[in-house]
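For reference, the structure discussed in these notes is given below.
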Amino acid sequence: MKPREQERTDEGFPYGENAAMLPSAGVRWDLLSDSLQHHARALARFERSPVEPEADGETCETLARELFGFPHNIVLGQGRQAEALLARLLVRPGYAVPANLAFPTTRLHQELCGGCSVCVAGAQAFEPEESSAFKSDVDLDLLREALRGQVAYVCIECSANGAGGHPIRLENLRAVRALASERGVPVVLDATRIFENALRIRDAEPGTKGRSVHAIVRELCGLADAMTLSLTKDFPTRVGGLVALRDETLYQHGLDFELASGSGLTLGGRAEIAAALRHASRDLAYIERRMALVRRLHARLAAEGLPVANPPGAHAVWIRVDAWVPHLRVEEFPVEAVNAALHERFGLRGSPQPAFAREPSAAASLLRLALPVATFNEAEVDAMAECLIEFHRIRASIPGLRVVHAPAVPGGPFRATYARCGAAETVAL
Ligand code: F0G
């Protein structure tokens, strides 16, 4: 059965052809983000226990301490608030922050504090064709070089988006830890997708077979001095961020930051986070189900010849747009053009690879299709695949875009509006 196309409206495409700016409720298949925060269907497939106020002695902070092993924990409304706090604690003007491809919000906070993100990801992170399993590994020679200068901290994203959602090995993180310690530099994890990373370690890193995922998570955390986390990706909650620290003095400064800027949380929000932390301490089946859905989508698309990045990522499938719509030049914003056309025709959207558009890297030509946890089932993923396969047939008819307006600030490209370069004829391939 052919997937149903969206009805077109006379007003054309709202939000200046920038599909990422549309509200989630108007999108049939919303793969913009795996964040449950703004997802119209968030947790549609999750058995929600009634959210209770935190029981005595079992606050979000104690639950986080038990799960990850850091003595000091500060729970906030969002991951990027955690990043703001951490950057404020550790980054000084002129200091570098070596990273295995920092997430845009992480990087923005480092830069707002006067720091400078330096990429120390291994070459495999930039090779979507390459099937190696651990693409988030750090290139230790690059790190050694970066550590010669003034360094605020080493920033490691688990299942890094910039590397296609692939994990970092325990062995690589141990080596990172050792190099950083030699120079007295702290290591900070962005543990937003640490469960997928730990699952991949259990399944593919030599010497870890049979270990529990929670034990591997604690070992990863044990190699870091601090951690930031957005809870809305790997935990069944629509709210939450976390900063976890070992150092008591930094913790006290962190609490001052929270005192000054607030946590952004209501009691209801804290109760939802506590329920989610409790759930994830017991049962990670919802994470494994999401990973299976990602593999299913990847396999369907690969079988039909769509240029998907390999292997499937932890939380998303990436499509190589340069290979998909080669008739569009880089100046015609092929990723945004594909996203706008996918939404217009099939009500499906993904997101441009989360990395600053000003980076002229290969990563910039990837479209990410992210699947949130506990939200979609197999039949829905199959329906999404049908849309993408149908789009594959008509892709040569997709017009390019030109910028109408892009605010001249670092985050401006995310809010840019576009217009079509000129209607192309519909051609079925
Ligand atoms: N770190 C990582 C690795 C993330 O993926 C995100 C958000 C954040 C930090 C910020 O957390 O949204 O709670 O403020 N990622 C979403 C995404 C937006 O689509 O990948 P937040």
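The values are calculated or read from the model by the stated rules, or taken from the named source; none is laboratory data. It should be emphasised that the depicted structure is a prediction, and the values quoted were computed from it without experimental measurement. Don't worry about glycine lacking a Cβ; one is built from the backbone with ideal geometry, like all the others, and counts go over all protein chains shown.
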Going through region 139-160 in order, the residues found to be within 16 Å of the ligand (Cβ to nearest atom) and within 24 Å of ALA204 (Cα to Cα) are CYS155, ILE156, GLU157, CYS158, SER159, ALA160
Expected single match for more than 23 Å from the chain's Cα centre (by Cα) and under 21 Å from ALA64 (Cβ atoms) among SER212, SER181 is SER212
Output for Cβ contacts, cut-off 9 Å, separation at least six or different chains, first residue of a type in the set (Asp, Glu) in region 318-331, second in a loop (DSSP other than H, G, I, E, B) and surrounded by 14 or more Cβ atoms within 10 Å (Cβ to Cβ), reads ASP322/PRO307; ASP322/LEU328; GLU331/GLY400
Within region 242-263, the residues that are within 16 Å of the ligand (Cβ to nearest atom) and buried (at least 22 other Cβ atoms within 10 Å of the Cβ) are LEU242, VAL243, ALA244
Check your understanding: Does GLN37 satisfy being within 12 Å of the ligand (Cβ to nearest atom), touching a residue at least 40 places away in the same chain (Cβ under 8 Å), in a loop (DSSP other than H, G, I, E, B) and not assigned by TED's automatic domain parsing to the domain that holds ALA383?
Key -> yes
Listed by first then second residue, the pairs whose first member lies in region 233-250 and is within 20 Å of LEU223 (Cβ to Cβ), whose partner is near the ligand (Cβ under 10 Å from one of its atoms) and part of a loop (DSSP other than H, G, I, E, B), with beta carbons under 7 Å and at least 6 positions apart or on separate chains, are ASP234/THR192; ASP234/ARG193
task = Please tell me if LEU366 is at pLDDT below 95 and closer than 20 Å to PRO307 by Cα.
result = yes
Exercise. In region 283-290, is there at least one residue being touching a residue at least 24 places away in the same chain (Cβ under 8 Å), away from the ligand (no atom under 16 Å from the Cβ), of a type in the set (Asp, Glu) and under 24 Å from ARG41 (Cα atoms)?
Worked result: yes
Q. If you go through region 292-306 one residue at a time, do you hit one that is part of a helix (DSSP H, G or I), under 21 Å from SER365 (Cα atoms) and within 16 Å of the ligand (Cβ to nearest atom)?
A. yes
Flagged in region 54-89 as hydrophobic (A, V, I, L, M, F, W, C) and away from the ligand (no atom under 16 Å from the Cβ), in numbering order, are ALA55, LEU63, LEU67, PHE70, LEU89
message: For region 290-302, check the following and say yes or no: at least one residue is more than 21 Å from ARG202 (Cβ to Cβ) and small (Gly, Ala, Ser).
response: yes
Taking region 307-345 and the residues there that are in contact with a Pro (Cβ under 6 Å, 6 or more places away or on another chain) and part of a helix (DSSP H, G or I), the one that is farthest from the ligand (Cβ to nearest atom) would be ALA323
Note on region 303-317: residues within 16 Å of MET384 (Cβ to Cβ) and in contact with a His (Cβ under 9 Å, 6 or more places away or on another chain) are GLU304, LEU306, VAL308, PRO312, GLY313, VAL317
